[in-house]
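Okay, so here's the structure we're looking at.
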Amino acid sequence: MSTSTLPTPPGTLDPISAEIIRAGFVSITDEMKTNLMRTAYNLIIYEAQDFTVGLFDANGDTVSVGLGLPMFVGGLSRAIKAKLAHFGRDGIEPGDILLTNDAYIMGSHLNHMIFTMPIFHDGELVAFAASMAHWADVGGVLGGTTQDIYSEGLQLPIVKVFKRGVQDDEITRIIQTNVRFADLAMGDFRAQVAAIRTGEARMTALLDRYGSEVIRQAISELFTRSENLARRAVEQIPDGAYTASTEMDDDGVNKGMPIPIKVTVRVHGDSMTIDLSEVAPQVAGYFNSGETAGISAAQVAFKFLTSPTDYPVNAGSFAPVEVVLPEGTVVSATKPSAMRWWMTFPMTVVDCVFKALADAMPERSIAGHHADLAVGSLYGTDRETGRLFLFFGGAQGGGWGATADKDGESATICINDGDTHNTPVESNEIKYPSLLFERYALRQDSGGPGRNRGGLGTAVEIRTLTDIKLNCFMDRTVQAPWGIAGGGDALANRLSVRRADGEFVPQATGKVDSHPLSAGDAYRIETGGGGGYGPASERAPEAVLADVSAGYVSLAEARSTYRVAVVETADGFAVDLDETRSLRG
């Protein structure tokens, strides 16, 4: 039997080629990500994977982002557009590499270096490859409580660190001079350059194969496809205005003064507006973020609720959502606001969008999560080398909220950092011999009770073998992660210190600045759980039994909150069905 195909009309892209090119974009950014991770020098990049890479069209719109930190999506695109505006298309040449860490362009702190390389084909600028990664140190004060951007480290305006393929020695030496560990920093510098050069080489191969016009058409069709998927999802949400609010603990300077976060979501047909105009004004402390971060927070929530598995993540996915965000809020701060801990408030904005739409989208909504990196940052003199060391504790997992059909995830990094990983204890102790990790465990009873239980937080306890100073920037120690649809709240985040003599000292908040710890002292960070979904009394007794057997839920919690009588037996645990029926009435 013979088969025949109709010719593709002129000016259109056949679906097979379109799919091959789409998969090619994903493959390129995956390879960029792998190369950066394998060549970086700092743990926070190659272990924690605190970075993102991407491909962008000639206008700076996102074509494909290597899965990583969700909040970096907007920062990369905004930075490229700012670089285009700064140099103009005619001012960018083959072999140039553009660099900035401008906090008010990318919306985050100065530790994020954004390298961008233009991609030319037949003399025409057709795309960009970019990388945004967290450098462990960019200078600035060692203490935690900064109140302006100038105290937070080296600020790089938009510059060409390579000009037509030649590295600028003066700019390079300025960077080296302003960081504490130049050998590590320049290792990460080279790794980011290698990643974007990989993107340029692979994208050039794709352009050579198909031509720039076909690639542009494939990008346009990718945007249209993703936009249509997102619009169809929005159409399923009832029209209306939905509001949610919460409070952050404080700004790190004015201790005990809550910071309000309020969002309003409006749905009309196949379009959504996320209004952040009632988020608190920018603050005196270091929890501000720029406009890009506020917009990105809204987009992350929108993507989760509409088309979470549509890959690659691209600009079309966000076409149906408008973000209302006036200048000067805590997620649209202006210079010279401090931005050292930029990520905490935006991720609670994401949580509030989910909370606002909990009744309108019960099948897709998620209860509140621990919403913090839960990092303890240490600095002191290494006992073996006698040199200064900085330990950036690494993101600590906590509990995520339950959904209508599933328990929340346990020990998972907060939503802002998405695909980042916790650094293995063994790696930390090898790199930092002055520290001893004494405990890393799930936190019993931390998950919010519900028909579906919230995920569990974790408890990490680290003992120091030398005199050090502790910085901690943890929030959400007062406002617990909330349950939805009748589910219970989870336990909140918590910080405490254990002295060498055994004295246990709970801290009033999760924020301390250059807090002295002597050799033998330890600090403990306990992350919150995720909120529950549905009434706890509706959780299946066998599920409660499994929780108790695994150590997730205590016998007392099973009885008092879930109304399930779990008893110890010679073989472990069992449910007393008669007493459970009595408890549940």
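The values are calculated or read from the model by the stated rules, or taken from the named source; none is laboratory data. From a predicted model like this one, the values you see are computed outputs, not experimental measurements. When we count neighbours, we look across all protein chains shown, and the Cβ atoms used for this are built from the backbone with ideal geometry, even at glycine. The accessibility values were calculated without ligands, DNA or RNA, using every heavy atom of the protein model including side chains. Shrake-Rupley method; radii C 1.70, N 1.55, O 1.52, S 1.80 Å.
Charges on Cβ only, +1 for Lys and Arg, -1 for Asp and Glu, centred on the Cα centroid of the chain; of ASN111, PRO320, MET257, which one is farthest towards the dipole's positive end?
ASN111
What shape does the range 511-585 take by its C-alpha gyration tensor, where a ≥ b ≥ c are the square roots of the eigenvalues and a/c under 1.5 counts as rounded, a/b above b/c as prolate, and the rest as oblate?
Values: a/c = 3.93, a/b = 2.21, b/c = 1.78.
Here the range 511-585 falls in the prolate category.
What does the accessible area per residue of the chain come to in Å², with a 1.4 Å probe and no ligands, DNA or RNA counted?
That works out to 39 Å² for each residue.
Can you give me the relative contact order of the chain as a percent, contacts being Cα pairs under 8 Å and 6 or more apart? If you can, show how the numbers build up before the last one.
Values: 1546 pairs, mean separation 71.6, N = 585.
About 12 percent, as a whole number.
Multiply the residue gap between GLU247 and HIS268 by 0.36 nm, knock off their C-alpha separation, and tell me the result in nm, one decimal place.
Length gained, GLU247 through HIS268: 4.8 nm.
Computed over the Cα atoms of the range 78-205, what is the ratio Rg over Rh, Rh following Kirkwood?
Answer for the range 78-205: 0.98.
At a probe size of 1.4 Å, how large is the accessible area of PHE115, to the nearest 10 Å²?
My reading of the accessible area for PHE115 is about 0 Å².
Cα centroid distance between the range 307-344 and the range 436-489, in Å?
So the separation of the two Cα centres works out to 26 Å.
Which of THR580, ALA558, LEU470 sits farthest toward the positive end of the charge dipole of the range 459-585, with +1 on the Cβ of Lys and Arg and -1 on the Cβ of Asp and Glu?
LEU470
So if I place +1 on the C-beta of Lys and Arg and -1 on the C-beta of Asp and Glu, and nothing else carries charge, what would the dipole magnitude of the range 228-319 be about its Cα centre? I want it in debye, nearest 20.
That gives the range 228-319 a dipole magnitude of about 200 debye.
Separation of the range 525-558 and the range 561-585 by C-alpha centroid, Å?
After rounding, the separation between the Cα centres reads 13 Å.
With a ≥ b ≥ c taken as the square roots of the eigenvalues of the C-alpha gyration tensor of the chain, please select rounded if a/c is under 1.5 and otherwise prolate if a/b is larger than b/c or oblate if it is not? Don't skip to the answer; put the middle values down first.
Numbers: a/c = 1.83, a/b = 1.23, b/c = 1.48.
It is oblate, given that a/c is not under 1.5 and a/b is not larger than b/c.
If I compute solvent accessible area with a 1.4 Å probe over the protein chains, what percent of it on the chain is carbon and sulfur? Mind dumping the intermediate values first?
Numbers: 11430 of 22620 Å².
Carbon and sulfur together cover 51 percent of it.
Per-residue accessible area for TYR242 at 1.4 Å probe radius, Å² rounded to 10?
Surface open to solvent at TYR242 totals about 40 Å².
What are the trypsin sites (Lys or Arg not before Pro) within the range 479-585 that DSSP puts in a loop, where the Cβ has at most 13 other Cβ atoms within 10 Å? Present the calculation step by step, with values, prior to reporting the outcome.
On the way: sites: ARG494, ARG498, ARG499, LYS511, ARG524, ARG539, ARG559, ARG563, ARG581, ARG584; in loops: ARG499, ARG539, ARG563.
Those that pass, being in a loop and sparsely packed, are ARG499.
Under a Cβ-only charge scheme (Lys and Arg +1, Asp and Glu -1), can you give me the dipole magnitude of the chain about the Cα centre, in debye to the nearest 20?
For this selection, approximately 400 debye.
Just report the Cα centroid separation between the range 58-126 and the range 226-283, whole Å.
27 Å
How much accessible surface area, in Å² rounded to 10, belongs to the heavy atoms of LEU373 with a 1.4 Å probe?
Rounded to the nearest 10, that gives 10 Å².
Which of the lysines could a cross-linker span from LYS83 if the Cα-Cα distance has to be under 25 Å and same-chain partners fewer than 8 positions apart are dropped?
Straight-distance partners of LYS83: LYS33, LYS160, LYS163, LYS335.
With a cap of 16 neighbouring Cβ atoms within 10 Å, and only residues DSSP puts in a loop, list the trypsin sites (Lys or Arg not before Pro) found in the range 378-486. Write out the running numbers ahead of the final one.
Values: sites: ARG383, ARG387, LYS406, LYS431, ARG439, ARG443, ARG451, ARG453, ARG463, LYS469, ARG476; in loops: ARG383, ARG387, ARG443, ARG451, ARG453, ARG476.
Within the range 378-486, the qualifying trypsin sites (Lys or Arg not before Pro) (loop, at most 16 other Cβ atoms within 10 Å) are ARG383, ARG387.
About the Cα centre of the range 459-585, how large is the charge dipole given +1 on each Lys and Arg Cβ and -1 on each Asp and Glu Cβ? Please answer in debye to the nearest 20.
The dipole magnitude comes to about 380 debye.
Once the convex hull of the C-alpha atoms of the range 481-551 is built, how many Å³ does it hold per residue, rounded to a whole number?
117 Å³
Mean residue ellipticity at 222 nm from the helices of the chain, using -39,500 (n - 2.57) per DSSP H segment of n ≥ 4 over the full residue count, to the nearest 500 deg cm²/dmol?
So the helix-based figure for the chain works out to -9500 deg cm²/dmol.
Using DSSP to call loops (not H, G, I, E or B), can you name the GluC sites (Glu not before Pro) in the range 242-344 whose Cβ has at most 15 other Cβ atoms within 10 angstrom?
Qualifying residues, ordered by number: GLU278, GLU327.
Positive end of the dipole of the range 282-358, charges at C-beta (+1 Lys, Arg; -1 Asp, Glu), about the Cα centre: which of TYR311, TRP341, ALA293 has its Cα farthest in that direction?
TRP341
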